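The values are calculated or read from the model by the stated rules, or taken from the named source; none is laboratory data. Model, not experiment: these values are computed from the prediction. Cβ coordinates were reconstructed from backbone atoms using ideal geometry, including for glycine residues, and neighbour counts include every protein chain displayed. SASA here: full protein model, heavy atoms, side chains in, ligands and nucleic acids out. Shrake-Rupley method; radii C 1.70, N 1.55, O 1.52, S 1.80 Å.
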Amino acid sequence: MMTNEMMESVYQESFPFWDKITDADREYIRQNSYPVHYPKGKNIYNGSECLGVVLVRSGSLRLYMMSDEGKDITLFRLHPGDLCVLSASCVLEAITFDVFVDAEEECECLVIGGSAFAAVSGRNPEVKIFALETAVSRFSDVMWVMQQILFMSMDKRLAIFLSDESARTGSDTIALTHGQIARYMGSAREVVSRMLKYFAGEGIVEVSRGGVTILDKKRLRGLIV
């Protein structure tokens, strides 16, 4: 159970507008916030209703789009400290497409009810601007994904993914299966496996049951530039 003091601390750190809104609006947000535990693999949002604004405290979320045939493309992932506003369609009316959100790891999140956040946003331009800026930054991530899929070779895309994951986790070992890597990249598992086999043959990575270990960062970076 989170106390008001704990929520105050989290929101003070997460929201640049927090000190600019009234005490009443801050209390309204706190009263309409609740902690949620999501088990690994659970779908937490499918576009059918306004879930609200989700702040990730631990674990990670995956946001993706899905075709009518069931093929999905990962748009981006959210990690501790990240905020999801695309799950709050009642806050951002311009969101007219379906986005899905899954817990890719066991997650602890703080959710602000969509109607409450929308009400405060309607009274405070600073809140609306923050929500829009957050959404725009995520759309930039989406455009980067589309650029990779449409215009980059597979070896460059895989090198970018492995480098980014290594930088994010602080480890040379990427503890993901070939299938998971393919899903995050919007590719097929067979294609990823073939490219990893090629990388391994060149001495760039080592592939094992535990994941993929980067052996030669210089050569991996050379595939990106």
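Compactness ratio for the chain: Cα radius of gyration over 2.2 N^0.38 Å (N = residue count) comes to 1.13. Straight-distance candidates among the aspartates and glutamates for linking to K40, with alpha-carbon spacing under 17 Å and chain neighbours fewer than 8 residues away dropped: D102, E104, E105, E106, E108.
Given the stretch 65-182, report the % of alpha carbon pairs whose separation exceeds 20 Å. For the stretch 65-182, the fraction of Cα-Cα distances above 20 Å is 54 percent. In this rough spin-label picture, where each label sits 7 Å from Cα along the Cβ direction, the E49-V207 distance is 4.3 nm.
Rg and Dmax of the stretch 126-225, both derived from C-alpha coordinates alone, stand at 15.3, 53 Å. Here the accessible area of the chain is 53 percent carbon and sulfur, with a 1.4 angstrom probe and all protein chains present. Based on the reciprocal of the average 1/r between different C-alpha atoms, the Kirkwood radius for the stretch 1-125 equals 15.0 Å. Hey, what angle do you get for helix 154-169 against the long axis of the chain, alpha-carbon based, 0 to 90 degrees rounded to 10? That helix lies at roughly 50 degrees to the long axis.
GNM remark for the chain: springs join alpha carbons under 10 Å apart, and the peak mean-square fluctuation among E206, E106, E69 falls on E69.
Pairs over the 25 Å Cα-Cα cut-off, from the set K197/K217; K156/K218; K156/K197; K20/K42; K42/K156; K42/K217: K20/K42; K42/K156; K42/K217. Residue separation of H37 and I224 scaled by 0.36 nm, minus their Cα-Cα distance, works out to 63.6 nm of gained length. So for the stretch 1-72, what percent of the C-alpha to C-alpha distances run longer than 15 Å? Tail of the P(r) past 15 Å holds 65 percent of the pairs.
Net charge dipole, the chain: roughly 800 debye, given to the nearest 20, about the Cα centre with Cβ charges of +1 for Lys and Arg and -1 for Asp and Glu. Can you tell me how the stretch 185-225 classifies by the Cα gyration tensor, rounded, prolate or oblate, using a/c under 1.5 as the rounded cut? Oblate.
Calculate the FRET efficiency for D72 and S9 from the Cβ-Cβ distance with a Förster distance of 45 Å, rounded to the nearest 0.05. Please list the in-between numbers first.
Values: r = 36 Å, r/R0 = 0.79.
That pair, D72 with S9, gives E of 0.80.
S137 contributes about 60 Å² of solvent-accessible surface, heavy atoms of the protein only, 1.4 Å probe.
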